[in-house]
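Have a look at the structure below before the remarks.
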Amino acid sequence: MQDTPPPAYLTTREVAELLRVKERKVYDLAAAGDIPHRRITGKLLFPNAEIMDWMAGAARPPARPMVLTGSHDPLLDRALREADTGLATLLNGSRDGLETFARGQAALTGLHLPEATGWNVETVAARGLSDCVLIGFVRRARRLLVAPHLAGRIGGIADLRGRRVVLRQPGAGAAALFDRLLAEAGMVRDDVTPAAGLARTESDAASAVAAGEAEAAMGIAAMARQFNLTFVPLCDERFDLLIDRHAYFSAPVQGLLAFARTPGFAAKAAAMGGYDPGDLGAVRWLSP
């Protein structure tokens, strides 16, 4: 006995049952032109094949723009240029980068958000995202960058009381870490004197100290070396990449990751200092 082929057209009631909505909703969708339909001899009918395609398309999220957002990292900058990925960048800090990614406005984002027991994983998992993966990029040495004339006089966060410090923008991973370290030292932001403006990248923070615009800044070891600044060790942090599942397999993202596995990338990381790419590509979290 042969199976009965599906009907070429569905009724309003059948579409409502398929979508698990009331028939009135189906009429509204048809009136707005939001669902495939035909009017045949005054009767509203719905092409079965087109309805199936429409449902599949409605469940599929729109393609993300090939944009890298989130936190700034100088080594990642170098990789983007040398791999010639064509990825656009929007450096708006870890927290804003995560929100930009969640809105579907970027294909990947760089994160270094401090947590009670680590970096990034708990924050990303709590965001309720789907179809994405968090992979390791590098570990970075987070430092307190200090002006040369204060060498030996600043031994930690507590010694910043009353000093001129260039702050990072709200939502930046470095800003969140700075607030935590201040609290651990029994201090608040009012205990330091903010320098004019905000540092939105790692190089901005280091250049402000090197130019005498600030006496100290949260920075990374690579920037201390580049700008010949004294530094105080604070911690090592994880800089991870949150990547859309479909974008992960695209040519730009695969090109970036392939370049990051080359000896040239490893040599550059060593030359810049303060980087450990040993966990590059490791899956740190996978969406449900």
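The values are calculated or read from the model by the stated rules, or taken from the named source; none is laboratory data. Because the structure is predicted, anything quoted here is derived from the model rather than measured. Please note: Cβ atoms are built from the backbone with ideal geometry, for glycine as well, and neighbour counts cover all protein chains shown.
What the table below lists for this structure:
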read-out	value
Some residue of segment 8-15 being within 29 Å of ASP131 (Cα to Cα), at pLDDT 90 or above and buried (at least 18 other Cβ atoms within 10 Å of the Cβ)	yes
Entirely in segment 20-113, the strands (runs of 3 or more DSSP E) that have 2 or more residues that are within 21 Å of ARG200 (Cβ to Cβ), modelled with pLDDT of 85 or more and in the same structural domain as SER250 (by TED's automatic domain parsing)	67-70, 88-91, 108-111
Residues of segment 140-162 that turn out to be basic (Lys, Arg) and crowded, with 20+ Cβ neighbours inside 10 Å, as a count	3
Residue satisfying condition, being in contact (Cβ under 8 Å) with a residue 40 or more places away in the chain and part of a strand (DSSP E or B), within set LEU198, LEU234	LEU234
Matching residues, segment 183-208, being more than 20 Å from GLY93 (Cα to Cα) and either touching a Lys or Arg at 6+ places or on another chain (Cβ under 8 Å) or among the β-branched types (Val, Ile, Thr) (or both)	MET187, VAL188, ASP191, VAL192, THR193
Residues satisfying the stated conditions in segment 117-130, i.e. surrounded by fewer than 13 Cβ atoms within 10 Å (Cβ to Cβ) and either touching a residue at least 60 places away in the same chain (Cβ under 8 Å) or touching a Leu at 6+ places or on another chain (Cβ under 7 Å) (or both)	SER130
Enumeration of residues in segment 192-216 that are within 23 Å of the chain's Cα centre (by Cα) and not hydroxyl-bearing (Ser, Thr, Tyr)	LEU198, ALA199, ARG200, GLU202, ASP204, ALA205, ALA206
Subset tally (residues that are surrounded by fewer than 20 Cβ atoms within 10 Å (Cβ to Cβ) and within 23 Å of GLN169 (Cβ to Cβ)) for segment 81-90	3
